[in-house]
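Worksheet: one structure, shown below.
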Amino acid sequence: MDSTSLEPSLYTVKAVFILDNDGNRLLSKYYDPELYPSMKEQKNFERNVFNKTHKADNEISLLEGLTIVYKSSIDLFFYVVGSVQENELMLMSVLNCLFESLSHILRKNVERKCLLDNMEGVFLVVDEIIDGGVILESDPQQVLQKVNYRADENPLSEQSVAQVTHTDTNTPQWHNVTRSIV
Amino acid sequence: MIKKFDKKDEDRSDKTFDALWKSNLIFLLTQSRIFNETPINPRRCLHILTKIIYLLNQGEHFGTTEATEAFFAMTRLFQSNDQTLRRMCYLTIKEMANISEDVIIVTSSLTKDMTGKEDVYRGPAIRALCRITDTTMLQAIERYMKQAIVDKVPSVSSSALVSSLHMVKMSYDVVKRWVNEAQEAASSDNIMVQYHALGLLYHLRKNDRLAVTKMLNKFTKSGLKSPFAYCMLIRIASKLLDETEGGHDSPLFDFIESCLRNKNEMVVYEAASAIVHMPNCTARELAPAVSGHNMLIYYLTALRYAAVRTLNKVAMKHPSAVTACNLDLENLITDSNRSIATLAITTLLKTGSESSVDRLMKQISSFVSEISDEFKVVVVQAISALCQKYPRKHSVMMNFLSNMLRDDGGFEYKRAIVDCIIGIIEENPESKETGLAHLCEFIEDCEHTVLATKILHLLGKEGPRTPQPSKYIRFIFNRVVLESEAVRAAAVSALAKFGAQNDDLLPSVLVLMQRCMMDSDDEVRDRATFYMNVLQQKQKALNAAYIFNGLSVSVPGLEKSLHQYTLEPSERPFDLKSVPLASAPITEQKTELAPVASSKIPEKLAPSRQDIYQEQLASITEFQGLGPLFKSSEPVQLTEAETEYVVRCIKHTFAGHMVFQFDCTNTLNDQLLQKVRWEERPCGVHSWNTV
């Protein structure tokens, strides 16, 4: 713990990431260039955090000198990371905004398959909440209005890459499905 | 062959997923020719963009050429009016800005969107544009940025303000010109725009304390609505208070105190934390802050955590202030969040009475294995403080600490425990035997060389004075047989100390020492042979000089003297007496006991004051011919502390010269002292020559 208080700054969030229940990364953004700059360090960090937090569903923890607030739902884990001197309630408000907005987009189905089906919506939501480490918006209603995303009727998972990209028969075939692309 | 997709087969569906999401990135990129189709199919393009961003996020790599090609292809997508597709284009631009060349090709499209009619595009377009802008381009779009900052649409204003902040690093001078616009934006009703405007204004003005003070006064009076802005104001105010060393009757402090009564818990917590962090807070001032925290304990986990963490910090300096919360803290001991429980217990340990110690220790031991290393260290430090407070409880503590030693844990954790045990041993002679026994058990299986050598050193110092020193010899000799070179060397030194102090053990020690002389490492052999010879003389004086008392000269001083000696060839042998004695090293006061943040820089030993002076003087050419520094005096104040400038004098004694060092410090902030002259008035009959 620190004896000096934080330098006043809008940069509050150091990282945000979403993991599945095996600890694999589904989405992650790191906003502090000095924090884990390489992919290897990032994945290492995520693994450590996952190991320490996925068993108990507590909301907040202090690991590797950083404050981490987190939430889980069915088979997903959401994390927001800030400095140890940061106001924890501010980080919580970011986490709540993220979770509420995603809940709405995924029609309450906050689980892995649905998340991957609507990945573009997820990317846009995160982009509207945090920009470069600064909290851009904290009200889920505002976020949803700006993103204006409707969940897909023909989710990506039920189409093959081939069908999405119209390849010819010489290229590698993934699982073929009979659904046609609208 | 087309297989029918069975929707009920969940496993297959998952495999399809993974196959799709892990598909080859390069393969995907080659498909970006899709973007060139007319008419553009938004859904297919969207899917491809999504997958590109996803795979980039997973760590897949792009080559620059492929990235640039894909980027160019993507620019065609601006022709579509699909909102989500356009938004994803902005996102792709941001993600690929670093890996693709000629990104500025999209500047005109982005500028068009930024100033267009579709409000929903303007904010994100601004953010994307500012991500790819450089200094020259920035001046070209300056007009648009200024308009955007004062725009009525909140998302546009916010985006412009935040992007301006990001660009301050790159072009401070340009962004500084937008201060007036930012000021206007700060009077917006929207809570996020207020926050962003305030943040940008502070960042632009933070080197000008007067401007910051004025800004703060204006905003604290005008009553903002945004809780985020309030938190920012509180931090600015406490930083100002810190810099000006303002007292608690300053209006800034009143402002922070008034925030304790704000409706939003985030603000209350920020204010309470700020007050608690102030260096000279009395218990009376802390009381409202503490009760604010107490109230927070009943809310959500995060609030509980925040509250209890701050109470823990308060308890370190003002334990009496926190006793009011003891009842509520006790309820938190059984909290499911282990971090909260640990902090609650350690706070109680600081503020509780002797009778509650047993009960609390039992509760901690039940879950200590589940908490993270950082919190384990916090617990150990709390126990250490407790041992000093209640020396009679040392046996309970010692038991607990030895159990913790046996568990798994990192280096910092084990070190904290070992230090704690050593502390108890030094304070309490009755606990010495148990303590040493626990430490012996620990080094049997310890992987940290630093700890093992430290414990061996301690055993060498304390072991011979115990009633039965022989039982420690077995432990020490095992280390000689089993461990690494550094540990073996330390074990040999420890053995020698036993031999020197206890005559009846001397024959056995000599036998063991003989075996050490066959060791594979030369340091170990050297030490063994040296001690063997000294011990065989059987002279108390020799033992005292060479085995008990270590090097009493300062190590950097010795190094310098040896270096000097090698430079000037001399007939006389090197004289250790010419090396200055070691003065006490400057140790840092550990006032805050806290979870250890993982630091990448290893700790360096604090050099002694004399060594610092030696280095400084040696770097000045005029002083290099004077030889080694013998002694430096303490600084002597030559003026009073309240004058405009303060002068201190330090006398350095060399072999044939005296150097006077005058430190002149200016106590006024806005004045520069120039042309400082020094006059000397010799008094009395001294045969000194001024050089």
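The values are calculated or read from the model by the stated rules, or taken from the named source; none is laboratory data. No experiment lies behind these values; they were computed from the predicted model shown. Quick reminder, even Gly has a Cβ in these numbers, built from the backbone with ideal geometry, and neighbours come from all protein chains shown. The protein model used for the area step is the full one, side chains on, heavy atoms only, and it has no ligands, DNA or RNA in it. Shrake-Rupley method; radii C 1.70, N 1.55, O 1.52, S 1.80 Å.
So the values come out like this:
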{"quantity": "Subset of region B:92-107 [open to solvent by 70 Å² or more (accessible area, probe 1.4 Å) and on the phi < 0 side of the Ramachandran plot]", "calculated": "B:N98, B:E101, B:I104, B:I105"}
{"quantity": "Filter pass, B:L110 being in contact (Cβ under 8 Å) with a residue 12 or more places away in the chain and buried (at least 21 other Cβ atoms within 10 Å of the Cβ)", "calculated": "yes"}
{"quantity": "B:A500 at pLDDT 80 or above and on the phi < 0 side of the Ramachandran plot", "calculated": "no"}
{"quantity": "Inter-residue pairs, beta-carbon under 8 Å, first at positive phi and of a type outside the set (A, V, I, L, M, F, W, C) and in region B:623-646, second at pLDDT 70 or above and not in a loop (DSSP other than H, G, I, E, B), 6+ apart", "calculated": "B:G627/B:Q564"}
{"quantity": "Only one of B:I364, B:I417, B:I424 that is in contact with a Cys (Cβ under 6 Å, 6 or more places away or on another chain) and farther than 30 Å from B:M278 by Cβ", "calculated": "B:I424"}
{"quantity": "Within region B:400-431, tally of residues that are open to solvent by less than 40 Å² (accessible area, probe 1.4 Å) and either of a type in the set (D, E) or assigned to a helix (DSSP H, G or I) (or both)", "calculated": "17"}
{"quantity": "Single match in A:L10, A:L89 (criterion: in contact (Cβ under 8 Å) with a residue 40 or more places away in the chain, surrounded by 18 or more Cβ atoms within 10 Å (Cβ to Cβ) and facing chain B (nearest Cβ under 7 Å))", "calculated": "A:L10"}
{"quantity": "Which numbered condition A:I68 misses (of (1) over 26 Å from B:T92 (Cα atoms); (2) open to solvent by less than 10 Å² (accessible area, probe 1.4 Å); (3) without any contact (Cβ under 8 Å) to a residue 24 or more places away in the chain; (4) at the interface with chain B (Cβ under 10 Å from one of its Cβ atoms))", "calculated": "(4)"}
{"quantity": "Selection count, region A:114-137, where residues are at the interface with chain B (Cβ under 7 Å from one of its Cβ atoms), out of contact with any His (no Cβ under 7 Å at 6 or more places or on another chain) and in a loop (DSSP other than H, G, I, E, B)", "calculated": "2"}
{"quantity": "Scope region B:140-185; condition in contact with an Asp or Glu (Cβ under 6 Å, 6 or more places away or on another chain) and either surrounded by fewer than 22 Cβ atoms within 10 Å (Cβ to Cβ) or among the polar types (S, T, N, Q) (or both); matching residues", "calculated": "B:K146, B:V150, B:V153, B:S157"}
{"quantity": "Within region B:186-225, considering residues that are polar (S, T, N, Q) and at pLDDT below 90, the one nearest to the chain's Cα centre (by Cα)", "calculated": "B:N207"}
{"quantity": "Residue match in region B:501-509 (condition: open to solvent by less than 80 Å² (accessible area, probe 1.4 Å), touching a Lys or Arg at 6+ places or on another chain (Cβ under 8 Å) and in a helix (DSSP H, G or I))", "calculated": "yes"}
{"quantity": "Cβ-Cβ under 8 Å pairs, at least 6 apart or on other chains, region A:141-152 side at pLDDT 90 or above, far side among the acidic types (D, E) and open to solvent by less than 70 Å² (accessible area, probe 1.4 Å)", "calculated": "A:V143/A:E128; A:V143/A:E137"}
{"quantity": "Those helices (runs of 4 or more DSSP H) lying entirely in region B:72-179 with at least 1 residues within 11 Å of chain A (Cβ to nearest Cβ)", "calculated": "B:83-96, B:119-132, B:154-168"}
{"quantity": "For B:S109: the one exception among (1) modelled with pLDDT of 85 or more; (2) out of contact with any helix residue (DSSP H, G or I) (no Cβ under 8 Å at 6 or more places or on another chain)", "calculated": "(2)"}
{"quantity": "Verdict on B:N57 being surrounded by 16 or more Cβ atoms within 10 Å (Cβ to Cβ), under 22 Å from B:A97 (Cα atoms) and either in contact with a strand residue (DSSP E or B) (Cβ under 8 Å, 6 or more places away or on another chain) or at pLDDT 70 or above (or both)", "calculated": "yes"}
{"quantity": "Scope region A:97-115; condition basic (K, R) and in contact with a strand residue (DSSP E or B) (Cβ under 8 Å, 6 or more places away or on another chain); matching residues", "calculated": "A:R112"}
{"quantity": "Residue in region B:427-440 that is without any contact (Cβ under 8 Å) to a residue 60 or more places away in the chain and under 27 Å from the mean Cα position of the chain (by Cα) present", "calculated": "no"}
{"quantity": "Qualifying residue in region B:15-32 (condition: at pLDDT below 80, within 20 Å of A:N148 (Cβ to Cβ) and outside any helix (DSSP H, G or I))", "calculated": "no"}
{"quantity": "Search result, residues across region B:206-228 that are open to solvent by less than 50 Å² (accessible area, probe 1.4 Å), closer than 21 Å to B:S157 by Cα and part of a helix (DSSP H, G or I)", "calculated": "B:M215, B:F219, B:P227, B:F228"}
{"quantity": "Condition check for A:D20: more than 8 Å from chain B (Cβ to nearest Cβ) and open to solvent by 20 Å² or more (accessible area, probe 1.4 Å)", "calculated": "no"}
{"quantity": "Boolean, A:S61 is part of a strand (DSSP E or B), within 12 Å of chain B (Cβ to nearest Cβ) and of a type in the set (G, A, S)", "calculated": "yes"}
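Residue by residue, here is whether (1) under 42 Å from the mean Cα position of the chain (by Cα); (2) in a helix (DSSP H, G or I); (3) at pLDDT 80 or above holds:
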{"residue": "B:M532", "(1), (2), (3)": "no, yes, yes"}
{"residue": "B:A544", "(1), (2), (3)": "no, yes, no"}
{"residue": "B:I547", "(1), (2), (3)": "yes, yes, no"}
{"residue": "B:L551", "(1), (2), (3)": "yes, no, no"}
{"residue": "B:L558", "(1), (2), (3)": "yes, yes, no"}
{"residue": "B:L562", "(1), (2), (3)": "yes, yes, yes"}
{"residue": "B:Y565", "(1), (2), (3)": "yes, yes, no"}
{"residue": "B:P569", "(1), (2), (3)": "no, no, no"}
{"residue": "B:R572", "(1), (2), (3)": "no, no, no"}
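Residues are listed down the side, and each one gets a yes or a no for (1) polar (S, T, N, Q); (2) surrounded by 20 or more Cβ atoms within 10 Å (Cβ to Cβ); (3) more than 12 Å from the chain's Cα centre (by Cα); (4) farther than 24 Å from B:R127 by Cα:
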site: A:P33; (1), (2), (3), (4): no, no, yes, no
site: A:I60; (1), (2), (3), (4): no, yes, yes, yes
site: A:L76; (1), (2), (3), (4): no, yes, no, yes
site: A:G82; (1), (2), (3), (4): no, yes, yes, no
site: A:V94; (1), (2), (3), (4): no, yes, no, no
site: A:E100; (1), (2), (3), (4): no, no, yes, no
site: A:N109; (1), (2), (3), (4): yes, no, yes, yes
